[in-house]
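The values are calculated or read from the model by the stated rules, or taken from the named source; none is laboratory data. From a predicted model like this one, the values you see are computed outputs, not experimental measurements. Please note: Cβ atoms are built from the backbone with ideal geometry, for glycine as well, and neighbour counts cover all protein chains shown. The accessibility values were calculated without ligands, DNA or RNA, using every heavy atom of the protein model including side chains. Shrake-Rupley method; radii C 1.70, N 1.55, O 1.52, S 1.80 Å.
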Amino acid sequence: MTKIALITGATSGIGRATAFEFAKNGINLILCGRREERLQTIKTELSKLTQVHTLCFDVRNNSDVKNAIASLPEKFSTIDILINNAGNAHGLDPIQTGAIEDWDAMMDINVKGLLYVSKAIIPQMTDRKSGHIINIGSSAGKEVYPNGNVYCATKHAVLAITEGMRIDLNPFGIKVGAVNPGMVETEFSKVRFKGNEAANNVYSGFEALQPEDVAEIIQFVISRPSHVNIADLLVFCTAQASSTIVNKA
Ligand code: NDP
Ligand code: 8X3
């Protein structure tokens, strides 16, 4: 049976690469993001390989999330795989000078947005007693690094939510797991540094993970036999040993 995956944050980086990887593997796609034009471009490209539906909404707005999921046409309404990927870091400042707007954005998108999307989709999974949820955490959810404070807190929360979901959804046979990458070369740093110069240096001097590397791992995770659930996976590029140790040339 052809599966349907809903991917949040599919307009860029890891989410976009996952959409391409899933399409190659014949999975039908519901692609989400705020940038409608990008969604349409990706839909045009991937429609050659699989069936694609797009949903344009901000994960921060719970009623928009609910309306978007409720609007799905019949043939896309059964979601087998949920990839909770939408998220970003906003700022890299010590706690004493961090901006409230950055903290709000990270909490609202990375934590509350993930919960809103999950809440809109989980009931159909519990009804069917099947489904697979993958939350994109981060190495920042495993350790805290200088100036990472609130971003790290949101990713620690993603890991706690993942464990909570896995426990509560266990009686329903629903798989839940987290994929936690280290540094991946995407638009992540452009968002974190708001387009400032600092964003240009983040991935220089070493070979960072590419979004396609993470997408292949996600494809591996979702393609395990039904009795196998990869609960928690940490992946670094070879040059990275921890959040603060990167072997740069
Ligand atoms: P990108 O900036 O390339 O992509 C982020 C995606 O999230 C975009 O598609 C964006 O879409 C979407 N998004 C952001 N805010 C919202 C919102 N309010 N509502 C809906 N969608 C939103 O970054 P990455 O691909 O790197 O990040 C994806 C995930 O991976 C994030 O959760 C990030 O924390 C995590 N991660 C990233 C790492 C890295 O080093 N890059 C490492 C570890 C984890 P749009 O703007 O169109 O809404
Ligand atoms: C993204 C990786 O090291 O910038 O989650 O926090 S890091």
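Brief remarks on what is shown
- In plain terms, the chain from residue 230 to residue 212 could stretch by 4.6 nm, reckoned as 0.36 nm per residue minus the Cα-Cα distance.
- Phi-derived couplings, Karplus 6.51 cos²θ - 1.76 cosθ + 1.60 at θ = phi - 60°, listed residue by residue for region 28-41: 6, 10, 10, 9, 10, x, 9, 8, 4, 4, 5, 4, 5, 4 Hz, with x used for Gly and Pro.
- Accessible-area composition of the chain, carbon plus sulfur, in percent [1.4 Å probe]: 52 percent
- For the chain, the solvent-accessible area works out to 47 Å² per residue, with a probe of 1.4 Å and every protein chain left in place.
- Net length gained if the chain between residue 160 and residue 61 were fully extended (0.36 nm per residue, minus Cα distance): 33.4 nm
- 19 Å Cα-Cα threshold exceeded, pairs from 43/175; 66/119; 142/194; 142/248: 43/175; 142/194; 142/248
- Residue-level accessible surface for residue 223, protein heavy atoms, 1.4 Å, Å²: 60 Å²
- Residues of region 104-126 with an amide N closer than 18 Å to a point placed 7 Å from the Cα of residue 194 along the Cα-to-Cβ direction: 104-109.
- Of the trypsin sites (Lys or Arg not before Pro) in region 1-100, the ones in a loop by DSSP (not H, G, I, E or B) with at most 13 other beta carbons within 10 Å are 35, 48.
- Candidate aspartates and glutamates - alpha carbon under 19 Å from residue 112, same-chain residues fewer than 8 apart omitted: 58, 64, 101, 102, 104, 163, 168
- For region 104-147, trypsin sites (Lys or Arg not before Pro) meeting the loop criterion (DSSP other than H, G, I, E, B) and having at most 15 other Cβ atoms within 10 Å: 129.
- Separation of alpha-carbon centers, region 162-221 and region 42-102, rounded to whole Å: 15 Å
- With contacts taken as Cα pairs under 8 Å and at least 6 residues apart, the chain reaches a relative contact order of 20 percent.
- Of the residues 145, 2, 161, the one whose Cα sits farthest toward the positive end of the charge dipole of the chain, with +1 on the Cβ of Lys and Arg and -1 on the Cβ of Asp and Glu, is 2.
- Solvent accessible area, Å² - residue 78, 1.4 Å probe, full protein context: 60 Å²
- Computed lengthening from residue 45 to residue 170, 0.36 nm per intervening residue step minus Cα-Cα distance: 41.3 nm
- Residue 133 long-range amide H proximity, modeled H, under 5 Å: 82, 175, 176, 177
- Trypsin sites (Lys or Arg not before Pro) lying in DSSP loop within region 152-249, provided at most 12 other Cβ fall within 10 Å: 194, 248
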